[in-house]
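Written below as structure tokens is the structure these notes are about.
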Amino acid sequence: MNTNRLSPTIEKALSDQMNKEIHASHVFLSYGIWADDKGYQGIANFLYRHAQEERNHSIKFMEYVLNRGGKPKVDAIPAPPADPESLTACFDGVFKHEVDNTTAIYRIVDLALEEKDWATWNFMQWFVQEQIEEETLASNLIDKLKIAGGDRATDESLFTLDKTLQETPNDVPLAQEATGDNP
Ligand code: FEO
């Protein structure tokens, strides 16, 4: 008896996304290594933690496909892009990568809607919310660097930025949780 509750199209899209999340993990790992090599250990620590989050996302896709009776396929992962030229390029790259991932997530939501696969639609809402957090986190990086002086930042302000990112949590609070007392 066929117990696969996913259509071949959805199964493939989810499996591809499992691989895409691993690619994202490798991109942030390689950016982290670049930052570490430049002496920005706090920034590297932030990027390494983010790489691990992406791996966790990949595992969620893997588990979901297996739970629904499908079988995800581990593919060859493309190499990460070349090292960034500057911290600005690094943080812009992180943001761009998150937006690109959001597009991929929305595509799967669209597919689930088209097929009326409400289980997958429901599963994907976690990722829709997660992408709001991840895009906010990435755009906060760009803002912090701008405040520090961008590519003309002094060593002192970069030192402070590096230290701040070492301690920056992996998550940002969602707007849905904000109140007047706790904006
Ligand atoms: Fe797994 Fe950054 O999205």
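The values are calculated or read from the model by the stated rules, or taken from the named source; none is laboratory data. If you're wondering where the values come from, they're calculated on a predicted model, not measured in any experiment. Here the Cβ is made from the backbone with ideal geometry for all residues, glycine too, and neighbour counts use every protein chain on show. Note: accessible area is taken over every heavy atom of the protein model, side chains too, but ligands, DNA and RNA are not part of it. Shrake-Rupley method; radii C 1.70, N 1.55, O 1.52, S 1.80 Å.
When the Cα positions of N67, Q129, F91 are compared along the charge dipole of the stretch 52-132, N67 comes out farthest toward the positive end, with charges on each C-beta of Lys, Arg, Asp and Glu. Whole-Hz Karplus values for the stretch 145-158 come out as 5, 4, 4, 6, x, x, 6, 9, 4, 6, 4, 5, 6, 5 Hz, taken residue by residue from phi with 6.51 cos²θ - 1.76 cosθ + 1.60 and θ = phi - 60°; glycine and proline positions read x. Can you give the local net charge around A119? Use residues other than it whose beta-carbon is closer than 13 angstrom to its beta-carbon, Lys and Arg +1, Asp and Glu -1. Around A119, the charge tally is 0. Mean residue ellipticity, 222 nm, helices only, the chain: the sum of -39500 (n - 2.57) across DSSP H runs of n ≥ 4, divided by residue count and rounded to 500, is -25500 deg cm²/dmol. Determine the share of the stretch 1-157's accessible area contributed by carbon and sulfur atoms, expressed in whole percent, with a 1.4 angstrom probe. Carbon plus sulfur share of accessible area: 53 percent.
Using 0.36 nm per residue and subtracting the Cα-Cα separation, the extra length available between T164 and I77 on full extension is 28.1 nm. For the stretch 90-129, the solvent-accessible area of protein heavy atoms averages 54 Å² per residue (probe radius 1.4 Å; ligands and nucleic acids excluded). A simple spin-label model places pseudo-atoms 7 Å from Cα toward Cβ; at N122 and S139 they are separated by 3.1 nm.
Rounded to whole numbers, the Karplus 3J(HN,Hα) couplings from phi for the stretch 91-97 are 5, 4, x, 4, 4, 4, 5 Hz, using 6.51 cos²θ - 1.76 cosθ + 1.60 with θ = phi - 60°, and x at Gly and Pro.
What shape does the chain have by the C-alpha gyration tensor, where a ≥ b ≥ c are the square roots of the eigenvalues, rounded means a/c under 1.5, and otherwise prolate means a/b greater than b/c and oblate the rest? Taking the square roots of the gyration eigenvalues as a ≥ b ≥ c, the chain is prolate.
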